[in-house]
Amino acid sequence: MIDFFVYYAKENWGKEMEKILDFVKKHNLIKPGEVIGVGVSGGIDSMCLLHFLNENRQLLDIEVVAIHINHGIREASYDEARFVMQKCKEMGVRVYKFSIDAPKIAKEKKISIETAAREGRYGVFEALVKKDIVDKVALAHHQSDQAETILMHIFRGCGVSGARGMEPVRDKIYIRPMLPVSKEEINEYASLNNIEYVEDESNTDTSYARNYVRNVIMKDILKKWPNAIEAINNFASAVSDDDDYIKSLLNTNALLVDDKIVQMPCSYFYGSSSIYSRIVFKALSLIGVKKDIERKHIEMIRELAVNLENGKKIKLPYDITVSKEYDYLTFENNYVEKPKMNKALKCEEFDAPNFGTVTVKRVKTDKMNESDALYFDYRKVPKEARWRYREEGDVIEKFGGGTKKLKSFLIDKKIPVRLRDYIPVLACENEVYVIAGVAISEKVRVDADVPTCFKITVKK
């Protein structure tokens, strides 16, 4: 079937598509009967990939669906979502549309918006696979993307494994059929098939690392070496072969795994860096970290293993702690996803996980006599106020006047660190009016002349 597919594509769409089909066959990217979800942004690359797979779904014996994710970064993204929906309707392709708040994720996790968008995007993809909605997710990365990725890895201090770039298949889920074709060939395909697409204006914003590499560094490189992209891809292929051989020599049976904890002998770090760096990456992957670990972090870990005394520890991105315990290093993933809450103020009882059960009641002002309860004037609370968890920038007005950062206020109240992210606060924007079980703002103090107020109690 696939050989006929190759012939058909040659005759109808040009020789550049032969590369894709040979690549699909070589790496066994697609199997008959599979549902292939295509990550579609609306840009030229993903629209071409969607078109190509959809036009040949019968020949490949597959079902093709589109997956569109609005990252919540730009206003134009809503127009792009509508564009994708319309084009998929015209093509007869089913669409799964999702929205994520990348800026909010970035703020909460203290990571870049790029990283937050990537994490959110891949989280959606993995959920669709786990729910058996799709078997694989096809991504539209091509030769230029590969070259940019390799340069970024090198600039971040990666080892040999980073220099191999993106794999044709990752985690048995993600496939990249377009890795062997150039951007120019994709443009030609789009022109030949009258494929409409949208331009993401943020692609010109060089404050993003990838855009800087693409629009500044690669442009200058290509002026001097026009064949640089192909050369970088050939380099990655050679590195990949060498890396596979080195990995075949590794013995990582000594890694001890316990949920979010991994241990490895310090003795690993007295050998070749090509060996221990790979073992570190494996240890980190076992506890869920596969991105943003740089060469400097590897050297920090080596210094801990070889030169520092027992009991010392270091911190890595994503709340990873590495500690030295006698002859072993212990890698621990301390990240706990921040809870979410968004509730209007009303008389009710609700649960706050890891904190307790919060009860809100209306009572007469002359019944304000319970020492373990908080009382406040609900009339002074803005209608837009919601119960949520604390956020960066939150403030509260103290009794007697004076505004204080919520973080500092909780420290003054001797609230344990482990509880601070789990205490419900009643807030409007960054103004906090009530901290459940802790305090109220001066702004909602109950005056003597009001007949009723709200009473809050917390049952642990």
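The values are calculated or read from the model by the stated rules, or taken from the named source; none is laboratory data. Only a predicted model underlies this, so the values are computations on that prediction, with no experimental measurement involved. Ideal geometry is used to build each Cβ from the backbone, glycine not excepted, and the neighbour counts take in all protein chains shown.
Residue count for the stretch 280-331 satisfying the condition of being on the phi > 0 side of the Ramachandran plot, of a type in the set (Ser, Thr, Tyr) and loosely packed, with under 14 Cβ neighbours inside 10 Å: 1. Of all the residues in the stretch 27-70, those that are touching a residue at least 12 places away in the same chain (Cβ under 8 Å) and either more than 31 Å from the chain's Cα centre (by Cα) or in a helix (DSSP H, G or I) (or both) number 16. The lone criterion from (1) in a loop (DSSP other than H, G, I, E, B); (2) buried (at least 20 other Cβ atoms within 10 Å of the Cβ) left unmet by Cys453 is number (1).
Taken together, Lys443, Lys413 contain a single residue that is in contact with a strand residue (DSSP E or B) (Cβ under 8 Å, 6 or more places away or on another chain), without any contact (Cβ under 8 Å) to a residue 60 or more places away in the chain and either in the same structural domain as Pro353 (by TED's automatic domain parsing) or polar (S, T, N, Q) (or both), which is Lys413. State yes or no: is Ile175 crowded, with 19+ Cβ neighbours inside 10 Å, touching a Pro at 6+ places or on another chain (Cβ under 9 Å), in contact (Cβ under 8 Å) with a residue 60 or more places away in the chain and in the same structural domain as Ile67 (by TED's automatic domain parsing)? Against the criterion (crowded, with 19+ Cβ neighbours inside 10 Å, touching a Pro at 6+ places or on another chain (Cβ under 9 Å), in contact (Cβ under 8 Å) with a residue 60 or more places away in the chain and in the same structural domain as Ile67 (by TED's automatic domain parsing)), Ile175 qualifies.
Here's the yes/no breakdown for (1) assigned by TED's automatic domain parsing to the domain that holds Val84; (2) part of a helix (DSSP H, G or I); (3) in contact with a strand residue (DSSP E or B) (Cβ under 6 Å, 6 or more places away or on another chain); (4) at pLDDT 90 or above:
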| site | (1), (2), (3), (4) |
| --- | --- |
| Tyr197 | yes, no, no, yes |
| Tyr212 | yes, yes, no, yes |
| Ile217 | yes, yes, no, yes |
| Asp220 | yes, yes, no, yes |
| Ala238 | yes, yes, no, no |
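For the list (1) over 30 Å from Lys107 (Cα atoms); (2) touching a residue at least 40 places away in the same chain (Cβ under 8 Å), I need the number of the one condition that Glu392 fails. So the condition that Glu392 fails would be (1). Every test in (1) among the aliphatic types (A, V, I, L, M); (2) in contact with a Phe, Trp or Tyr (Cβ under 9 Å, 6 or more places away or on another chain); (3) at pLDDT 95 or above is passed by Ile173 save one, and that test is (3). Selection of strands (runs of 3 or more DSSP E) fully inside the stretch 293-378 by the criterion of at least 2 residues being assigned by TED's automatic domain parsing to the domain that holds Ser274 returns 313-316, 320-325, 328-333.
Hey, does the stretch 367-385 have a residue that's modelled with pLDDT under 95, hydrophobic (A, V, I, L, M, F, W, C) and within 30 Å of Val280 (Cα to Cα)? No: the stretch 367-385 contains no residue that is modelled with pLDDT under 95, hydrophobic (A, V, I, L, M, F, W, C) and within 30 Å of Val280 (Cα to Cα). If the condition is being surrounded by 14 or more Cβ atoms within 10 Å (Cβ to Cβ), at pLDDT below 75 and part of a helix (DSSP H, G or I), then the stretch 247-279 contributes Lys247, Ser274.
Assess whether Lys282 counts as being in contact with a Gly (Cβ under 7 Å, 6 or more places away or on another chain) and not in a loop (DSSP other than H, G, I, E, B).
On the way: in contact with a Gly (Cβ under 7 Å, 6 or more places away or on another chain): no; not in a loop (DSSP other than H, G, I, E, B): yes.
No.
Of all residues in the stretch 376-390, exactly one satisfies the criterion of being over 25 Å from Pro353 (Cβ atoms), in contact with a helix residue (DSSP H, G or I) (Cβ under 7 Å, 6 or more places away or on another chain) and of a type outside the set (Lys, Arg), namely Asp377.
The residues listed here are Ile67, Ile73; of these, the one that is modelled with pLDDT of 85 or more, surrounded by 16 or more Cβ atoms within 10 Å (Cβ to Cβ), more than 22 Å from Ser182 (Cβ to Cβ) and of a type outside the set (Phe, Trp, Tyr) is Ile67.
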